[in-house]
1. So, D24, is that one in the same structural domain as I93 (by the TED database) and assigned to a loop (DSSP other than H, G, I, E, B) or not?
2. Those residues that are of a type outside the set (S, T, Y), touching a residue at least 60 places away in the same chain (Cβ under 8 Å) and away from ligand 1 (no atom under 16 Å from the Cβ), I need them from the stretch 136-155; list them, please.
3. Name the strands (runs of 3 or more DSSP E) wholly inside the stretch 295-371 in which the number of residues that are within 16 Å of ligand 2 (Cβ to nearest atom) is 1 or more.
4. Suppose the filter is among the hydroxyl-bearing types (S, T, Y), in contact with a Phe, Trp or Tyr (Cβ under 9 Å, 6 or more places away or on another chain) and within 16 Å of ligand 1 (Cβ to nearest atom); does T251 pass it?
5. Could you say which residue among K205, K256, K201, K260 is buried (at least 20 other Cβ atoms within 10 Å of the Cβ), in contact (Cβ under 8 Å) with a residue 24 or more places away in the chain and of a type outside the set (V, I, T)?
6. Looking at the stretch 34-49 only, could you name the residues that are buried (at least 16 other Cβ atoms within 10 Å of the Cβ) and not in a helix (DSSP H, G or I)?
7. Which one of these does R4 not meet: (1) in contact (Cβ under 8 Å) with a residue 60 or more places away in the chain; (2) in contact with a helix residue (DSSP H, G or I) (Cβ under 9 Å, 6 or more places away or on another chain)?
8. I'm told P28 meets every condition in (1) within 16 Å of ligand 1 (Cβ to nearest atom); (2) touching a helix residue (DSSP H, G or I) at 6+ places or on another chain (Cβ under 9 Å) except one. Can you identify the failing condition by its number?
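The values are calculated or read from the model by the stated rules, or taken from the named source; none is laboratory data. Bear in mind that the values here come from a model prediction, so they are computed numbers and not experimental data. Here the Cβ is made from the backbone with ideal geometry for all residues, glycine too, and neighbour counts use every protein chain on show.
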Amino acid sequence: MAKRSVGDLKEADLKGKRVFVRVDLNVPLDENQKITDDTRVRAAIPTIKYLRDHGARVILSSHLGRPKGITPKYSLKPLVPRLSELLGVNVEIANDSIGDEVEKLVAALPEGGVLLLENVRFYKEEEKNDPEFAKKLASLADLYVNDAFGTAHRAHASTEGVTKYLKPAVAGFLMQKELDYLVGAVSNPERPFAAIVGGSKVSSKIGVIESLFEKVNLLLLGGGMIFTFYKAQGYSVGSSLVEEDKLELATALIEKAKAKGVSLLLPTDVVVANKFAADADSKVVPASAIPDGWMGLDIGPDSINTFSEALDGTKTVIWNGPMGVFEFEKFAAGTDAIAKKLAELSGRGVTTIIGGGDSVAAVEKAGLADKMSHISTGGGASLELLEGKPLPGVLALDDA
Ligand SMILES: Nc1ncnc2c1ncn2[C@@H]1O[C@H](COP(=O)(O)OP(=O)(O)OP(=O)(O)O)[C@@H](O)[C@H]1O
Ligand SMILES: O=C(O)[C@H](O)COP(=O)(O)O
């Protein structure tokens, strides 16, 4: 069901109004509290800018990390300089999310002003979706915008509960863009439609794989999960990562692909290592013959070629999960090659969607982020969406 958008709200709806905007500013910080990846901050800007340009008074709310109570390490204060810089306005920060002091700051906020509330998870009521807490958040504003796609799979007070007390409740531009690509392009793709699924374990991707079987023409598998498939087929896998309790499932998935008419491609060769370390010895071996004492940590050169050729004729590609242990330079080639291939396909008009989590980190690391059609800002949220699960933070918004 399509949701009402912030873009539907015009000057008359917004001028002078207090707008509670849930954003996802859960960014990585280093030991000096410096932001190491500001993607989510940049992604939050268009909605805030739109609201400011239409005279709204903007109240931003976000979580950072998973604090248990008030924890200075998880304060949102380090976000203020970057937000201010990107918006071209001095963003104010409150020491709290609710209460008298916050109310005073909101009352003093000029049109176009921006106030960032402190980490909303400093209250345990947030994750409990406590109605009284949601009411207090709602009482700060006249209307609600949810632009926190990365947190849309959580039914929390600031993402779901608040919508019961604050109307209109609409989707921000980032939320909309994520839904357009991850729901729109995936449910109504230009074909052939391929999915590339990697990552560590098959158990965490079963839902996604099964759901994609209903939609894709081609499914390429990589990452740690492939060894469970190999073992299920009777190959020797050495000391590679295998989920013994998922062998039958792997066989069933292969059968299901056949039944659904989906071409399922597994790597034909792998890069193996003598230990799980950046400086391990490595060599390329056929997927069916991994020697004892060696573990597969990346897809091999033949597989890269086969995968690239298979992707050549596609019109839509979605990628979730790295092809190998890309954190170690020696085992990053498969993941890098897929990132480069997708960048090349984008240049030829193919829709390329990176579905969150580590594959996004890999694409950023390769410097190819701006080449893709869409890079999701949500890890868990994009996975749940691809599994076909409804997101509570989206469901709660007003229908279009
Ligand atoms: N062959 C392998 N053996 C062991 N680990 C692997 C292998 N290939 C990839 N990995 C690891 O898988 C991890 C990513 O797996 P995960 O399932 O978390 O992927 P993701 O879906 O991209 O992430 P997220 O869950 O954050 O969305 C990486 O840290 C990578 O090192
Ligand atoms: O980083 C994320 O995936 C989101 O910000 C949600 O965070 P959470 O998993 O702590 O709810």
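1. Taking the combined requirement at face value, the residue satisfies it.
2. Scanning the stretch 136-155 gives L137, A138, L140, A141, D142, L143, V145, N146, D147, A148, A155.
3. Counting at least 1 such residues, we get 316-320, 351-354.
4. Spelling it out, it is not the case that T251 is among the hydroxyl-bearing types (S, T, Y), in contact with a Phe, Trp or Tyr (Cβ under 9 Å, 6 or more places away or on another chain) and within 16 Å of ligand 1 (Cβ to nearest atom).
5. None of the other options fit; the residue is K205.
6. Once the filter is applied, which keeps residues that are buried (at least 16 other Cβ atoms within 10 Å of the Cβ) and not in a helix (DSSP H, G or I), the stretch 34-49 yields I35, D38.
7. (2)
8. Result: P28 fails condition (2) only.
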